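The values are calculated or read from the model by the stated rules, or taken from the named source; none is laboratory data. Since we're looking at a predicted model, the values are computed, not measured. Here the Cβ positions follow ideal geometry from the backbone for every residue, glycine too, while neighbour counts run over all protein chains shown. Side chains included, ligands, DNA and RNA excluded: accessible areas come from the protein's heavy atoms. Shrake-Rupley method; radii C 1.70, N 1.55, O 1.52, S 1.80 Å.
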Amino acid sequence: MRPGVLVRPARPDDLDDLVDLCLEARGEAAVGSQLCTDATDRLRDQIGVLVGLPTGRVLIGQLDDEPAGFLLARVVEPGLFLDVTSLGIEAVYVRAGARRRGLGHALLGGAVAAAEEAGATELYAAPIPGARGMHRFLARLGFAPAASHRVVTTAALQRRLAHEHAAAAAQGRRSAPRGLEDLIARRRQAREGRVRHDEVPAGADQRASISMQVNRAVQSRRPSASSTTTW
C-alpha cells in the first residue's frame, strides 16, 4: 500500500463521510435513484444498516488522512442457484481528486481480505453505470462480465403490465368478430355458388357452346353452308 493510503472497516462515526462520498458518486454517475437516494438522512440509515449487518462489509478509504473512497459489499451465502460463498461488491468509488494514487487497488485488497475471512471463493462487482474507467479498472484486475442488470420502479412496471393486458384484450375483441364475419361470408359465397349452379337449365352449357361456335363463324364471315348449327 502506498504511503498516505489507508483502507479500514467503516465505523459508525464514518457515516457522514460515507454519505458525502455516496452523493458524489451519485452525481458523477448521473443515474439518480438507480444508484442511491439523495435524501441524506435516509442514505445514512441505509449505510448504517449495511454496516450493522453480519454479512455487511463497508470499507472506507483515506488518502493523507482524508476520506476519499469507499467500498460496499455483502457476503452471499450458498443458495438455490449458488453453491459457494461469494462476496458481492455493490459499490466501489474513489473521489476524482484521489484517483491514480493506489486507493482503488487498496479498496479491492480490502475486499479480498473480507472475502477470505468469510470463506468466499468468488467476488462479484456491480460498478456504477456509465463509469467506464471503473469498468476498465475491474477488467484489468480480472473481473469478467457475468450479468446485466435492468431496473424499473414498481409503479411503472404495474402500469406497463396493465397497459399490455388491456391492449391484448382489445386486440382479442377486435379480431374475434372479424374472424366470425369472414367465416359467415365464405359460407354465404359457397351457398350462392351452389344455387347459381343448380339454377342453370339442363342443356344450357351445350347451347352456349353452339352459340359461341356460330358467333365465331359469323365473325370470320364463313359461308352459311359451313356453319354447323343443329337447331
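Return yes when Leu63 is over 25 Å from Phe137 (Cα atoms), open to solvent by 10 Å² or more (accessible area, probe 1.4 Å) and hydrophobic (A, V, I, L, M, F, W, C) and no when it is not.
It is false that Leu63 is over 25 Å from Phe137 (Cα atoms), open to solvent by 10 Å² or more (accessible area, probe 1.4 Å) and hydrophobic (A, V, I, L, M, F, W, C).
Based on this model, can you work out whether Gly133 counts as outside any strand (DSSP E or B), at pLDDT below 90 and more than 23 Å from the chain's Cα centre (by Cα)?
Here the answer is yes, as Gly133 does meet what is asked.
Among (1) open to solvent by 70 Å² or more (accessible area, probe 1.4 Å); (2) in contact with a strand residue (DSSP E or B) (Cβ under 8 Å, 6 or more places away or on another chain); (3) among the basic types (Lys, Arg), there is one condition Arg57 misses while meeting the rest; what is its number?
Failing condition for Arg57: (1).
Please go through segment 136-148 and give me each residue that is assigned to a helix (DSSP H, G or I) and either modelled with pLDDT of 95 or more or open to solvent by 30 Å² or more (accessible area, probe 1.4 Å) (or both), ordered by number.
Correct list: Arg136, Ala139, Arg140.
Return a yes/no flag: does segment 73-80 have any residue that is open to solvent by 20 Å² or more (accessible area, probe 1.4 Å), among the small types (Gly, Ala, Ser) and either more than 23 Å from Ala146 (Cα to Cα) or in a helix (DSSP H, G or I) (or both).
no
Please find, within segment 5-28, the residue that is most open to solvent (accessible area, probe 1.4 Å) out of those that are of a type outside the set (A, V, I, L, M, F, W, C) and not in a helix (DSSP H, G or I).
Arg11
Which residue is nearest to Leu6 (Cα to Cα), if the candidates are limited to segment 97-120 and must be outside any helix (DSSP H, G or I) and either modelled with pLDDT of 95 or more or within 34 Å of the chain's Cα centre (by Cα) (or both)?
For segment 97-120, the residue satisfying everything is Arg99.
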